[in-house]
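Novice: The structure under discussion is supplied below as structure tokens; questions concerning it will follow.
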Amino acid sequence: MLKTESIKFARGSREILKGIDLEVANGEVMALLGPNGAGKSTLIKIMSGELAPDFGSIFINDKKLADWNPLNLAKHRAVMPQKSSLSFDFKVLDVVLMGRTPFNQGWDSKNDLEIAIKCLREVECLHLKDRSFPTLSGGEQQRVSFARVLAQLQSEDQPKNLLLDEPVSSLDPEHQLKTLELARQRADQGVAVFVILHDLNMAATFADKVAFLHDGQLKAFDTPQKVLTPVNIREVFNINVDVHTHEQSRKLLITNARVAI
């Protein structure tokens with residue numbers, strides 16, 4: 001379970017987050033959407049502990065983030081940032097094995113290796129396992145980074161939490177769908193998944209809950225059917241859309257987007 005209570009954050013005189021209350025239950029995918037500069041990446045950095053809020057609290061499995069031992073926290077929560085900061089000449093397999101660090105004794109076991117191979121296969125990057133990570137394309141790096149966090153989730157410790165900051169931003173359409181299908185699969189196995197997205201239809205397809213962040217405030221937070229309405233979308237994104245229900249999947253489908261005048 002992931003939870004924020006009254007999160008506020010400012011840089012100088014600019015208020016970036018103005019009291020954010022969110023909760024992601026185990027087994028649930030929650031998608032956060034909003035225009036550029038709304039505060040989405042700042043919020044996920046605070047939720048991951050990279051930034052400290054000016055006010056408010058973060059809870060992981062009903063325990064304040066500040067009270068977690070770093071090693072135990074790494075066993076229960078995995079974070080995928082928007083961009084990889086790795087610049088050293090690590091092999092792809094070694095990058096994925098970094099996700100196993102909280103669970104081993106300083107060396108990679110046969111089980112760790114099997115998990116890393118499995119996760120690389122899931123993201124369709126097994127053929128890259130001996131490549132140098134910095135030489136990969138942006139999309140390949142993003143898929144390998146996703147394999148790393150999937151490897152980190154693989155253990156007997158429960159419950160798990162997964163934070164994903166725009167995990168599909170560099171991917172082609174096929175791998176965007178496959179990445180979110182894997183995130184959905186982990187949620188179905190009991191993981192609490194918090195993901196920042198820009199695509200309204202992807203949020204409608206994969207998320208149980210959707211939140212709109214605009215000007216540092218939550219404008220809506222509920223099921224896709226209650227959040228992804230033409231009125232909300234116009235207010236947050238300044239576009240007009242048509243919203244339908246797909247006949248077979250019963251998921252929402254957003255079409256005919258045009259800039260509001």
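Novice: Can you find a residue that is touching a residue at least 40 places away in the same chain (Cβ under 8 Å), of a type in the set (S, T, N, Q) and open to solvent by less than 50 Å² (accessible area, probe 1.4 Å) anywhere in the stretch 156-170?
Specialist: Yes, the stretch 156-170 contains a residue that is touching a residue at least 40 places away in the same chain (Cβ under 8 Å), of a type in the set (S, T, N, Q) and open to solvent by less than 50 Å² (accessible area, probe 1.4 Å).
Novice: So, K3, is that one open to solvent by 80 Å² or more (accessible area, probe 1.4 Å), at pLDDT 95 or above and touching a strand residue (DSSP E or B) at 6+ places or on another chain (Cβ under 9 Å) or not?
Specialist: no
Novice: Take the residues of the stretch 200-223 that are among the small types (G, A, S) and more than 17 Å from the chain's Cα centre (by Cα): which is most open to solvent (accessible area, probe 1.4 Å)? I'd like the intermediate steps shown before the answer.
Specialist: Of the residues in the stretch 200-223, the ones among the small types (G, A, S) are 203-204, 207, 211, 216, 220.
Next, from what is left, pick out any that are more than 17 Å from the chain's Cα centre (by Cα): 216, 220.
Values: G216: 1, A220: 18 Å².
By that ranking, first place goes to A220.
Novice: Just checking, how many residues over the stretch 1-18 are assigned to a loop (DSSP other than H, G, I, E, B) and free of Cβ contacts under 8 Å to residues at least 24 places away in the same chain?
Specialist: Residues flagged as assigned to a loop (DSSP other than H, G, I, E, B) and free of Cβ contacts under 8 Å to residues at least 24 places away in the same chain within the stretch 1-18 amount to 2.
Novice: Can we say G56 is in contact (Cβ under 8 Å) with a residue 24 or more places away in the chain, surrounded by 15 or more Cβ atoms within 10 Å (Cβ to Cβ) and under 14 Å from A211 (Cβ atoms)?
Specialist: So G56 fails the test.
Novice: Condition first: under 18 Å from D21 (Cβ atoms) and acidic (D, E). Now tell me which residues in the stretch 204-247 satisfy that.
Specialist: D208, D215, D222
Novice: With D21, D94 as the choices, which residue is surrounded by 14 or more Cβ atoms within 10 Å (Cβ to Cβ) and outside any loop (DSSP other than H, G, I, E, B)? Walk me through how you get there before you give the answer.
Specialist: Details: D21 fails: surrounded by 14 or more Cβ atoms within 10 Å (Cβ to Cβ).
Checking each option against the conditions leaves just D94.
Novice: Also, quick follow-up: What is the number of the single condition among (1) out of contact with any helix residue (DSSP H, G or I) (no Cβ under 9 Å at 6 or more places or on another chain); (2) buried (at least 18 other Cβ atoms within 10 Å of the Cβ); (3) in a helix (DSSP H, G or I) that M30 does not meet?
Specialist: Exception for M30: condition (3).
Novice: Considering only the stretch 145-163, state which residues are farther than 11 Å from G99 by Cα and either part of a helix (DSSP H, G or I) or within 14 Å of the chain's Cα centre (by Cα) (or both).
Specialist: Correct list: K160, N161, L162, L163.
Novice: Quick check on L120: is it open to solvent by less than 30 Å² (accessible area, probe 1.4 Å) and either closer than 23 Å to E15 by Cβ or assigned to a loop (DSSP other than H, G, I, E, B) (or both)?
Specialist: no
The values are calculated or read from the model by the stated rules, or taken from the named source; none is laboratory data. Quick caveat, the model's predicted, so the values are computed rather than measured. For neighbour counting, all protein chains shown are included, and Cβ atoms are generated from backbone atoms with ideal geometry for every residue, glycine included. Surface areas here come from the heavy atoms of the whole protein model, side chains and all, with no ligands, DNA or RNA. Shrake-Rupley method; radii C 1.70, N 1.55, O 1.52, S 1.80 Å.
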